[in-house]
Amino acid sequence: MSPDRRVRLWHLVVEQSDGGPVTVGHVCAAAMIATGTDGAAIAVALAATPRETIFSSSQLASQLEELSLTLGEGPCVDALFGGPSLIPDLGDASCTSRWPVFAPDAVHAGVRAIFALPLQIGAIRLGVLALCRTEPGELDHEQLLAALLLADTACAVLLDTTGPGVPATPGRIPEPAGLQHPEVHQATGMVSVQLGLSAALALIRIRAYAYAHERRLRDVARDVVARRLRFDPGGDPQGEQ
């Protein structure tokens, strides 16, 4: 995706924050504008526990998430364990066959189209961004690109907010969530073992440390891999002797 598109969408996110710290709610608001959808929600699943909705734009989006959690089926569930689940018409017979309980209940609630995108960092799934429409209809090419990029932005903002209780800095684009650097994968595995955490939670701890110390994620990861930095369960991260 072009850097220009990412910058334009980030400016749209910042506009939603009205000059304040950016949150995932602002990313969702921008995603709704960019995709022409009527509702948005973000649910996270960082460990072997039921996922938790951390933002919903409306009662409709909340109902959608509640149905997914209660019934254990639907596009949002599929996106959490697979790739994007883009459903332009839940009233289609194929959807009823695929999700025999969820699809008719969602349509009854007023949702006709769902676009569920995994919040993903490499092989690690943090959760799902769900966009919905009250009328059937596909995302066009530009809308889909925007949705994918804003899902990545939501993931980055979500990780940034795991710092010292501070949402993403106003005007600053968070470091992209995609892990292009192998040392980040390696460090995640090492911290996962050191702290006895899932890979997703280990990555959040590394990201929070980088955020708190105003360092780049990959630089902290290099220190972990080189054993210059170790995360201990009972204390603060420290240099290894």
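The values are calculated or read from the model by the stated rules, or taken from the named source; none is laboratory data. These numbers were taken from a predicted model, which means no experiment stands behind them. With ideal geometry, Cβ positions are generated from the backbone for all residues, glycine too; neighbour counts draw on all protein chains shown.
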Handout entry: Candidate set: region 45-54, residues that are under 12 Å from residue 119 (Cβ atoms) and not small (Gly, Ala, Ser); chosen: the one modelled with the lowest pLDDT
Key = 46
Practice task
State all residues of region 84-97 that are touching a helix residue (DSSP H, G or I) at 6+ places or on another chain (Cβ under 9 Å) and closer than 18 Å to residue 130 by Cα; if no residue qualifies, say none.
Solution key: 84, 85, 86, 87, 89, 90, 91, 95
Handout entry: Residue pairs meeting the criteria (Cβ under 9 Å; at least 6 apart or on separate chains; first closer than 9 Å to residue 200 by Cα, in region 120-133; second in a strand (DSSP E or B) and not hydroxyl-bearing (Ser, Thr, Tyr))
Key = 125/118; 125/119; 126/44; 126/118; 126/119; 126/120
Exercise for the section: Confirm whether residue 128 is assigned by TED's automatic domain parsing to the domain that holds residue 67 and surrounded by fewer than 21 Cβ atoms within 10 Å (Cβ to Cβ). Expected result: no
Problem - Top-ranked residue in region 78-107 [being touching an Asp or Glu at 6+ places or on another chain (Cβ under 7 Å), under 14 Å from residue 64 (Cα atoms) and not β-branched (Val, Ile, Thr); ranked as surrounded by the most Cβ atoms within 10 Å (Cβ to Cβ)] - result: 102
